[in-house]
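Undergrad: One structure, pasted below without further comment.
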Amino acid sequence: MDFQELATDRLALVHIETHHAESFFEIMSRDEVTKYYGMSSITEIGQAENIIESFRQTFESGRGIRWGIVIKETGAFIGTVGLNNLNLKGKKAEIGFELHPSHWNKGYVSEAVKEVLAYCFGELGLFRMGAVTFPENGASIALLQKLGFEKEGVLRGYLYQDGRSHDACMFSLLAKEHTIHNAKIC
């Protein structure tokens with residue numbers, strides 16, 4: 001599978017390269033970003049480079065895809081959106097995202113996720129998209145529900161962060177629900 005860059009009116013969803021490491025570090029070193037991420041904040045640029053390398057390896061192995069979110073107008077790298085646990089044969093994946101706090105509440109994540117969902121259900125032919133969130137992450141839960149995801153339940157002790165296990169909420173969106181939801185909001 002070739003890496004497919006995507007675009008929206010305001011955003012370019014790009015292949016994340018080593019030259020994005022400094023911007024990625026600026027995002028992932030912030031506790032307000034990683035608070036509900038499932039990992040602690042990073043403290044060194046080398047950690048950002050290692051994560052970017054893991055994105056490449058995950059893509060090459062067919063287990064996931066991660067796009068950098070870049071504002072077209074400025075070229076600013078402001079976050080990432082991507083697929084975890086990608087299973088093309090099983091027609092499913094889980095979506096995840098993070099964004100620099102200076103760009104919160106501007107609709108960027110919603111715009112990026114909508115484009116990724118269209119690609120996944122259209123081009124990749126996926127049937128199911130999951131999403132895992134901390135129960136306390138109200139902003140992500142509201143976004144997922146706005147996009148048509150339904151809460152399936154709680155995964156007890158599913159996420160391990162900061163030396164302890166945390167429960168997680170599991171959400172899902174099926175391809176047919178995505179089509180119906182998009183028809184309603186157009």
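The values are calculated or read from the model by the stated rules, or taken from the named source; none is laboratory data. Just so you know, these numbers come straight off a predicted model, no measurement behind them. Counting neighbours? That spans all protein chains shown, and the Cβs are built from the backbone with ideal geometry, glycine included. Keep in mind that these areas ignore ligands, DNA and RNA; they rest on the heavy atoms of the full protein, side chains included. Shrake-Rupley method; radii C 1.70, N 1.55, O 1.52, S 1.80 Å.
Undergrad: Give me the accessible area per residue for segment 37-186, probe 1.4 Å, as a whole number in Å².
TA: On the way: 7690 Å² over 150 residues.
For segment 37-186, the solvent-accessible area averages 51 Å² per residue.
Undergrad: Same structure, new question: Over segment 89-171, what relative contact order in percent results from Cα pairs under 8 Å that are six or more residues apart? Write out the running numbers ahead of the final one.
TA: Numbers: 88 pairs, mean separation 24.2, N = 83.
In percent, rounded to a whole number, it is 29.
Undergrad: Rounded if a/c is under 1.5, else prolate if a/b is larger than b/c, else oblate: which is the chain, with a ≥ b ≥ c the root eigenvalues of its Cα gyration tensor? Each step should come with its number before you reach the end.
TA: On the way: a/c = 1.37, a/b = 1.14, b/c = 1.20.
Rounded, because the longest to shortest axis ratio a/c is under 1.5.
Undergrad: Name the residues whose placed amide hydrogens come within less than 5 Å of the amide hydrogen of R66, ignoring near sequence neighbours (fewer than 5 apart) on the same chain.
TA: So R66 has HN proximity to L83.
Undergrad: Separation between the R63 and L124 pseudo-spin-labels, each 7 Å from Cα along Cα→Cβ, expressed in nm?
TA: In this crude label model, R63 to L124 measures out at 1.5 nm.
Undergrad: Follow-up question, since we're still on this one. Going 7 Å from the Cα of L88 toward and past its Cβ, which residues in segment 56-78 have a backbone nitrogen under 13 Å from where you end up?
TA: Inside the label zone: 59-65.
Undergrad: Going by Cα centres, segment 117-158 and segment 20-60 are how many Å apart?
TA: Using only Cα atoms to place each centre, the spacing works out to 21 Å.
Undergrad: Can you tell me how segment 1-87 classifies by the Cα gyration tensor, rounded, prolate or oblate, using a/c under 1.5 as the rounded cut? Before the final figure, lay out each step's value.
TA: Details: a/c = 1.62, a/b = 1.11, b/c = 1.46.
Oblate is the answer for segment 1-87, as a/c is 1.5 or above yet b/c matches or exceeds a/b.
Undergrad: Can you give me the long-range amide H partners of T8? Hydrogens built in the peptide plane at 1.01 Å from N, cutoff under 5 Å, separation of 5 or more residues or another chain.
TA: Those qualifying (amide H under 5 Å, at least 5 residues apart or on another chain) are L13.
Undergrad: Separate question: Quick check on packing: order 75-84, 50-59 by the mean number of other C-beta atoms within 10 Å, highest mean leading. Could the numbers behind the result be given before it?
TA: Details: 75-84: 20.7, 50-59: 16.0.
Answer by packing, highest mean first, reads 75-84, 50-59.
Undergrad: Oh, and also: With a 1.4 Å probe and every protein chain left in place, tell me how much accessible area S41 has, in Å² to the nearest 10.
TA: Here the accessible area works out near 30 Å².
Undergrad: What does the charge count near F134 come to, summing +1 for each Lys or Arg and -1 for each Asp or Glu among other residues with Cβ under 12 Å from its Cβ? Mind showing how you got there, number by number?
TA: Values: positive: K35; negative: E136, D162, D167.
Around F134, the charge tally is -2.
Undergrad: Which order do E60, E152 take when ranked by solvent-accessible area (1.4 Å probe, heavy atoms of all protein chains), largest first?
TA: Numbers: E60 125, E152 105 Å².
Heavy-atom accessible area, descending, gives E60, E152.
Undergrad: Okay, next question. Report the gain in length on full extension from S165 to E73: 0.36 nm times residue separation, minus Cα-Cα distance, nm rounded to one decimal. If you can, show how the numbers build up before the last one.
TA: On the way: separation 92, 0.36 × 92 = 33.12 nm, distance 4.07 nm.
Gain on extension, S165 to E73, equals 29.1 nm.
Undergrad: At a threshold of 8 angstrom on Cα-Cα distance, excluding pairs fewer than six apart, so keeping six or more, what relative contact order does the chain reach in percent?
TA: Working: 309 pairs, mean separation 32.9, N = 186.
That works out to 18 percent.
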